[in-house]
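Data first, discussion second: the structure below is written as structure tokens.
The values are calculated or read from the model by the stated rules, or taken from the named source; none is laboratory data. Predicted model only: the values in this text are computed from it and were never measured. Because the Cβ atoms are built from the backbone with ideal geometry, glycine has one as well, and the counts that use them run over all protein chains shown. Ligands, DNA and RNA are excluded from the accessible area calculation, which covers all protein heavy atoms including side chains. Shrake-Rupley method; radii C 1.70, N 1.55, O 1.52, S 1.80 Å.
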Amino acid sequence: MLFRSGLTEAKNLKSGIFGRFLFRSLRKPKTFDVAEQLKDEILEMFRYYTQNSRVDDDVCFLVVQMRLANEGEERSEASA
């Protein structure tokens, strides 16, 4: 996953920083079948955490899922 600072530095109404919330949440073991599932979860957490408050910076992230081509598996990516 690649991201710009606008994602992690977004604040909620209590001025808490989303990055801490995000990385604490992602440390918990979870499995995602495709990159889009992780993207959707991050967007859902972002909206919940910021409570749709005004964001002062750009919010950009890229989730890439790669599997070795010699194993015959697909490659997929999702971005927001």
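Number of residues in the range 27-56 that are open to solvent by 60 Å² or more (accessible area, probe 1.4 Å) and at pLDDT 85 or above equals 7. Of the residues in the range 72-80, at least one is over 13 Å from residue 1 (Cβ atoms), assigned to a strand (DSSP E or B), at pLDDT below 75 and not hydrophobic (A, V, I, L, M, F, W, C).
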